[in-house]
Number of protein chains: 2
Amino acid sequence: MAMENDSSPSLTTLFTCLKTATSPSKIKHDIVDFASNIKNIAVDDPRRIIHSLKVALAITLVSMIYYLQPFYDGMGDAGMWAILTVVVVFEYTVGATLSKGMNRGFATLLAGALGVGAESFGSLFGPTIKPIVLGLLVFLLVAAATFSRFIPNIKKKYDYGVLIFILTFSLVSVSGYRVDKIIKLAHQRFLTIIFGGATCVVISMCVFPVWAGEDLHKHIVTNLGKLASFLEGFGEEYYRVSKGDKSFLSAYKSVLNSKVTEESLANFAWWEIGHGKFRFNHPWKQYLKIGVYTRQCAYHIEALSGYLDAKNEVTSEFQITVQEPCMKMSSEVGKTLKELGNSMNLMTQPSTSAVHIENCKKAIDDLNVTLKKSMAVERDNILETIPVIAVTSILIDIIKCVEKISEAIEELSKQAHFKEPKDMTSDEAGKPHSRRRGVAIKPVDGGNDQELITIKVISDDEIPQKMDLDKSKREINQL
Amino acid sequence: MAMENDSSPSLTTLFTCLKTATSPSKIKHDIVDFASNIKNIAVDDPRRIIHSLKVALAITLVSMIYYLQPFYDGMGDAGMWAILTVVVVFEYTVGATLSKGMNRGFATLLAGALGVGAESFGSLFGPTIKPIVLGLLVFLLVAAATFSRFIPNIKKKYDYGVLIFILTFSLVSVSGYRVDKIIKLAHQRFLTIIFGGATCVVISMCVFPVWAGEDLHKHIVTNLGKLASFLEGFGEEYYRVSKGDKSFLSAYKSVLNSKVTEESLANFAWWEIGHGKFRFNHPWKQYLKIGVYTRQCAYHIEALSGYLDAKNEVTSEFQITVQEPCMKMSSEVGKTLKELGNSMNLMTQPSTSAVHIENCKKAIDDLNVTLKKSMAVERDNILETIPVIAVTSILIDIIKCVEKISEAIEELSKQAHFKEPKDMTSDEAGKPHSRRRGVAIKPVDGGNDQELITIKVISDDEIPQKMDLDKSKREINQL
C-alpha cells in the first residue's frame with residue numbers, strides 16, 4: 001500500500017538533500033514538505049496522535065512505578081520485563097492489544113511450566129549429560145513450535161503466542177538455575193508481564209479506545225459507499241453530462257485490495273468484548289462474506305471504468321438510444337448500495353434497497369425493449385454497438401453482485417439483530433402498511449449463481465408486481 | 001487467506017472432539033485428519049520443515065554456548081538477550097532476517113546512546129527532579145517514535161527498528177544505574193545482540209537459504225502461468241469442448257489478492273545481497289509494476305469467468321459463428337502470457353510473445369469481419385448476441401492488459417540485463433535472420449491507455465506486415 005502512496009513523507013529525500021548540501025532554500029523547502037506530510041498523516045486520522053500519546057503514557061507509567069519504588073534497587077530485571085511487555089503488546093486497536101496480551105500471558109505460563117519440567121527432567125541425568133538432554137529437548141520443541149506457525153489456524157490467532165512460547169521455554173530450560181530459583185524467577189517475571197499487559201489493556205480500552213470491530217464495520221460501510229458513488233456517477237460520466245469533482249471515479253480502487261485489512265480487523269474483533277452497538281460475539285465472520293462480494297463488485301467496476309477512458313470518442317447514436325435505461329440501471333444499483341450502506345451504518349434492517357433493486361430490473365426490461373427496437377433499425381454502425389453492449393452486460397453483472405451483497409447484509413441483520421427501520425412510511429407517500437416490506441432474495445435452486453434475479457416480495461399487496469418480476473426474470477435470463 | 005482455507009488443520013475441532021468425548025473411532029479419525037493436514041502443509045513446501053530445523057538449530061547453538069561456557073554462572077543476563085534476538089529476528093526469508101537483524105542492531109546502538117545521554121542529562125537536576133525529567137523525556141520520545149510508525153516509508157522498512165528503539169531507550173534511560181555501569185551493560189548487551197543476530201543471518205544465508213527475491217521472481221512467473229492456463233483453456237471451456245482437469249479455471253483467483261505478498265517480498269528482497277541469478281540492486285520495483293498489470297488482467301478474467309457458469313445454456317448459433325476468432329483470441333493471448341512467463345523464468349528477453357500478440361490482433365480482425373457479416377444476417381435472436389459480444393469485449397480488454405504486461409517485462413529485461421534468447425531460429429522453421437525480432441510496444445501518445453494496439457515491429461522485412469497492423473489498428477479502434 002505504502003509503495004503506491006506518493007504523498008508519503010520522503011525521509012530518504014530529506015537525507016539525500018542534507019548529504020549533497022544543496023542550497024539552503026531547497027533544504028528549507030524539503031523540511032517544510034516533510035512537515036506538511038507529517039501533518040497530513042495526523043489530520044487524516046487524529047486517533048494516530050492519541051495512540052502515540054497512549055503508548056507513551058503506558059511506558060512512562062510502568063517505568064516510573066519501577067523507578068520510583070524505593071525497594072527496587074534501580075530497575076532490576078523485573079521492571080525490564082514490564083517495559084518490554086508494554087512495548088510489544090500495545091497495539092493500535094483494543095482487539096490487537098488483547099490478542100497479544102492474552103497470547104503473551106498464556107504462552108509464558110505454559111512455556112514456563114514446560115521449561116521447569118524440562119529442567120527437572122534434565123537434572124535426572126547428572127551434570128555431564130544434562131546439557132545434551134536439554135539441548136535436544138529445546139531443539140525438538142523449538143522445531144515443532146516453529147513449524148506450527150505455518151498452520152493457518154495457529155498463524156491467524158496464536159502466532160505471537162507461539163513466538164513467546166519458544167522464547168520463554170528456551171530461556172527457562174537453559175537458564176542453568178536450580179528449579180527453586182527458576183520458580184521464584186518465573187513467578188516474579190510472570191507478575192510483571194501481567195502488570196505490563198494489564199496496563200496496556202486498561203489504557204487501550206479506557207482512553208479513547210480504537211475498536212477493531214467498529215473499524216471493520218465502518219470500513220465495510222465506507223467501501224459500500226465508494227462503490228455506490230461510482231455507480232451513481234457512472235451514467236453521467238459515461239454520457240459526458242457530469243461536472244465538478246471526479247474523485248469518486250477512483251475511490252473504488254482501494255476496495256480491490258481490502259482483503260488483508262478486513263481479515264486482520266475481523267481477527268482482532270474476535271478478541272474484543274462488547275462495545276458500543278456491538279455485543280460480544282457479534283457475527284464478524286459475516287462481515288468478511290460481505291467484503292468478498294463487495295470486492296467482486298469492485299472487480300466488475302474496474303472493468304466498467306475501462307469504458308470511461310475513451311475520452312476522444314464522441315457519444316455514438318446507439319449509445320444515446322440506450323441512454324435512459326443505461327443511466328437508470330447504473331444510478332439505481334448505486335442507490336441500492338448506498339441504501340445498504342446506510343442501513344448497515346445505522347444498524348437497521350435494509351428496507352428501501354428492495355425498491356431500488358426492483359427499479360434496476362425494470363431498467364433491464366426497458367433496455368431489452370430498446371435493444372430489440374434499435375437493433376432492428378440500425379445496421380451500418382454495428383461495431384459501434386459493441387462497447388455499449390459490453391457496458392450494459394457488465395452493469396447486469398454488477399446488479400447480480402449487489403443482490404448477493406444485499407443477501408449477505410440481510411443475513412447479517414438477522415444474526416446481529418438489527419433494529420427495524422423506524423420511519424418506513426415516509427418513503428412511500430404516507431401509505432400505511434402492516435408488514436415489513438422486505439425482500440427475501442434467494443437463488444432459485446439453492447446457491448446456483450446463474451439465476452440472475454429472483455426476488456420474492458414478502459407482502460400481500462405486491463403479488464401483481466411479483467408476476468411482472470417473474471416475467472422480467474425470464475426475459476433477463478435470455479441475456 | 002486462512003479464513004478461506006478449509007483444509008487447514010482443525011485444532012478447534014480436535015479440542016471440541018476431545019471435550020465432548022465422542023466414540024474413540026471418531027477421535028481416531030480426527031487425529032488422522034489432523035495429521036494428514038499437517039503432512040500436507042509440509043509437503044506443499046518442504047522448506048517449511050527446513051526452516052523449523054534452522055530456527056531450532058540457531059536457538060540451540062546460542063543457548064548451548066552460553067550454557068556450556070564455564071565462566072558464565074548459569075545463563076546470566078547476556079545470554080538471555082542472545083536467545084531473545086534469535087527468537088525474534090530469525091524469519092523465513094533471508095531478506096526478512098537481514099531486515100530485522102539490521103534494524104535491531106542499529107536501533108539498539110542509537111537508542112542506547114540516546115538513553116545514556118538522557119540519563120546524564122537527568123543527573124544534572126539532582127535526585128528529586130531527575131525522575132520527572134527522565135519521565136518527560138521518555139514520554140516525548142516514545143510518543144514521537146510511536147507516531148513515526150504511521151509514516152508509510154518508515155513503516156515499510158524500519159517498523160521493527162523503531163520498536164526496538166522505544167524498548168532500548170526506555171530500558172536504558174530509566175534503568176537507574178550510574179552512567180559507567182550502563183555503558184558496561186550496554187556494551188555487553190550489544191555484543192550479545194550482535195552475536196545472536198549474526199548467528200541468525202549466517203544460518204539463514206548458508207543453510208538452504210530462502211531468498212525473498214527469488215520467491216518474488218517465482219511468484220510473478222507462477223501468476224503469469226495461472227492466467228495463461230485460464231486463457232488457453234477458456235475457449236474450449238466456453239464452447240464446451242474441454243475435458244479432464246478443470247483446476248486451471250480457479251487457479252487465477254489467488255492472483256486477485258497477491259498485492260500484499262508481492263509488496264512484502266519486494267521489500268525484503270531490497271535487503272538481500274546478490275544471490276543466484278540476481279545481482280545486488282536487482283530492479284525489484286519493476287516486479288511490482290508487472291504485478292499491478294497481472295492483477296488488472298486477473299480482474300478482467302474474473303469478469304470473464306462469470307460467462308462460463310451458464311451451465312444450462314446451450315451454445316447459441318451466434319456463439320458458433322464467432323467460435324473461431326474467439327477461441328483464437330483467447331488461446332493466443334494465453335500463449336503470449338505463457339511465453340512471457342517462460343522468458344521471465346529463464347531470464348531471457350521475451351521473443352516469441354510478439355508473434356502471439358500479432359496473432360491476437362489478426363484474430364480481432366477476423367472477429368470484426370465475422371461480426372459485420374453475421375450481424376447483417378441474424379436479427380431475430382439479437383438478445384442472444386449480447387453475452388457473446390460481452391465476452392469478446394472482455395477478451396479485447398485482456399489483450400490490452402497483456403500488452404502492458406509485455407511492456408513491463410520488456411522494461412525489466414532491459415533493467416536486469418536479461419540474456420538474448422539462445423535458440424531463436426527453432427521457432428521459425430529454421431529461417432535465419434540477423435536481427436532480434438522483438439516488439440517495442442509503446443502507447444502512441446506516451447501513456448494514454450486508450451490506444452488499443454500499437455506495435456512497431458523492429459525488423460526490416462516486416463514492413464508490409466506493419467502496414468497491415470496499422471490498418472487493423474484503425475479497425476480495432478472502432479471497437
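Solvent exposure of the range A:174-268, expressed per residue, is 44 Å² of accessible area, with all protein chains present and a 1.4 angstrom probe. Note on B:180-189: average number of Cβ atoms from other chains within 10 Å of each residue's Cβ is 0.
How would the range A:91-160 be classified by its alpha-carbon gyration tensor: rounded, prolate or oblate, with rounded meaning a/c under 1.5 and the a/b versus b/c comparison settling the rest? Please list the in-between numbers first.
On the way: a/c = 4.45, a/b = 2.18, b/c = 2.04.
Because a/c hits 1.5 or more and a/b exceeds b/c, the range A:91-160 counts as prolate.
For the pair the range B:93-152 and the range B:262-313, the centres of their Cα atoms are 38 angstrom apart. What separates the residue A:239 label point from its copies, with the point 7 Å along Cα to Cβ, is 3.9 nm, written shortest first.
Can you pull the mean other chain C-beta count within 10 Å for peptide A:136-149?
On the way: counts 1, 1, 7, 9, 2, 2, 11, 10, 2, 3, 12, 10, 5, 5.
Shielding by partners across A:136-149 averages 6.
Past 27 Å, Cα to Cα: identify those pairs from A:226/A:400; B:157/B:259; A:157/B:285, in the order given.
Pairs exceeding the cut-off: A:157/B:285.
Across the accessible surface of the range A:133-221, with the other protein chains kept in place and a 1.4 Å probe, carbon and sulfur atoms take up 73 percent.
Enter the buried accessible area of the B/A pair, total of both sides, probe 1.4 Å, in Å² rounded to the nearest 100.
Numbers: alone 26480 and 26470 Å², together 43720 Å².
Its buried surface, counting both partners, is about 9200 Å².
Per residue, the accessible area of the range A:313-365 comes to 35 Å², computed with a 1.4 Å probe over protein heavy atoms only.
Are there residues in the range B:262-278 whose accessible area shrinks by at least 50 Å² when all protein chains are included rather than the chain by itself, and which are they (probe 1.4 Å, ligands and nucleic acids not counted)? Correct list: B:263.
Going by average Cβ density within 10 Å per residue, which order do the peptides A:157-169, A:85-97 take, highest to lowest?
Numbers: A:157-169: 22.6, A:85-97: 24.8.
Listed from highest to lowest mean packing, they are A:85-97, A:157-169.
Separation of the alpha carbons by more than 26 angstrom is noted, of A:54/A:277; A:372/B:362; B:338/B:414; B:289/B:335; A:414/B:246, for A:372/B:362; A:414/B:246. When peptides A:293-304, B:273-284 are ranked by their average number of other Cβ atoms within 10 Å per residue, the highest-first order is A:293-304, B:273-284.
Other chains' Cβ within 10 Å of B:287-297 residues: what's the mean?
Working: counts 0, 2, 0, 0, 0, 2, 0, 0, 4, 4, 0.
Mean shielding count: 1.
In units of the compact-protein estimate 2.2 N^0.38 Å, the range A:236-287 shows a Cα radius of gyration of 1.80.
The values are calculated or read from the model by the stated rules, or taken from the named source; none is laboratory data. Quantities reported herein were computed from a predicted structural model and do not represent experimental measurements. So basically every Cβ, Gly included, is an ideal-geometry build from the backbone, and we count neighbours across all protein chains shown. What goes into the accessible areas is simple: the full protein's heavy atoms, side chains included, and nothing from ligands, DNA or RNA. Shrake-Rupley method; radii C 1.70, N 1.55, O 1.52, S 1.80 Å.
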